[in-house]
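What follows is a short report on a single structure.
The values are calculated or read from the model by the stated rules, or taken from the named source; none is laboratory data. Please read all numbers here as calculations on a predicted model, not as lab measurements. Here the Cβ positions follow ideal geometry from the backbone for every residue, glycine too, while neighbour counts run over all protein chains shown. With ligands, DNA and RNA removed, areas are computed over all heavy atoms of the protein, side chains included. Shrake-Rupley method; radii C 1.70, N 1.55, O 1.52, S 1.80 Å.
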Amino acid sequence: MIFSLQGTVQELTPTYAVINVQGVGYYVGISLMTSQTLVLNQQTFLFIQQIIREDAHLLFGFNTRSEKEMFNLLISVNGVGAVSALILLSTLSLDEIASAILSGNSALIQKAKGIGAKTAERIIVDLKDKVQKFSDPAANISVMVDNKIKDEALSALEVLGIPKRTSEKLADRILKQNSEISVEELVKQILKNI
């Protein structure tokens with residue numbers, strides 16, 4: 001089993017790299033997070049997860065041990081393959097994934113291409129007790145506060161006859177710019193932008 005590779009980055013794309021280790025090029029699937037840390041023709045060290053299937057021996061590389069651990073947790077969920085796990089790791093940071101799982105925010109997990117509502121729910125249920133160490137407690141609290149403020153604002157807007165779908169994206173954008181915003185101010189900002 002290959003645990004790690006140390007060598008030169010021979011080829012580099014956002015989804016894979018070829019690592020040349022003493023003349024042998026290893027094709028390694030990577031996330032965007034890892035891709036951004038690699039430099040073409042430079043030395044690198046990657047943690048490797050090897051997956052052996054009937055039709056292929058696949059290598060997936062990670063810049064940090066934590067990213068590799070999250071990848072392994074994600075692929076342990078029924079219905080989440082290696083490619084889906086890499087897309088999720090490319091879409092959200094480790095902290096965002098952990099926070100989304102801990103707070104039950106399936107909408108955030110579904111932002112990753114190819115992950116639907118059922119799979120997102122399965123990820124939350126299966127991994128809720130396993131992702132604690134990836135999450136920043138302070139960020140978690142702010143995510144929960146954000147969700148509470150967002151939910152209250154969206155409920156108020158629904159009472160005013162504005163569909164949740166219309167206001168949700170605006171709410172996310174406004175909260176990203178100002179996480180300290182009050183419910184009332186969030187409602188006003190959304191109404192101004194609709």
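When Val125 is tested against (1) over 24 Å from Phe47 (Cβ atoms); (2) open to solvent by less than 30 Å² (accessible area, probe 1.4 Å), only condition (2) is not met. What is the residue count in region 1-44 for residues that are aromatic (Phe, Trp, Tyr) and within 22 Å of the chain's Cα centre (by Cα)? Number satisfying all stated conditions: 1. Restricting Asp151, Asp172, Asp129 to those that are modelled with pLDDT under 85, of a type in the set (D, E, K, R) and under 24 Å from Met70 (Cβ atoms) reduces the list to Asp172. The set of residues from region 98-122 being open to solvent by 10 Å² or more (accessible area, probe 1.4 Å), outside any loop (DSSP other than H, G, I, E, B) and either of a type outside the set (Gly, Ala, Ser) or within 17 Å of Gly81 (Cβ to Cβ) (or both) comprises Leu102, Leu108, Lys118, Thr119, Glu121, Arg122.
Step by step: first the residues of region 143-167, then only those that are of a type outside the set (A, V, I, L, M) and within 16 Å of Ser103 (Cβ to Cβ), then the one that is farthest from the chain's Cα centre (by Cα). Which residue is that? Among those that are of a type outside the set (A, V, I, L, M) and within 16 Å of Ser103 (Cβ to Cβ), it is Glu152. Selection of region 150-194 for residues being among the β-branched types (Val, Ile, Thr) and either exposed (fewer than 12 other Cβ atoms within 10 Å of the Cβ) or in a helix (DSSP H, G or I) (or both) yields Val159, Thr166, Ile174, Val183, Val187, Ile190, Ile194.
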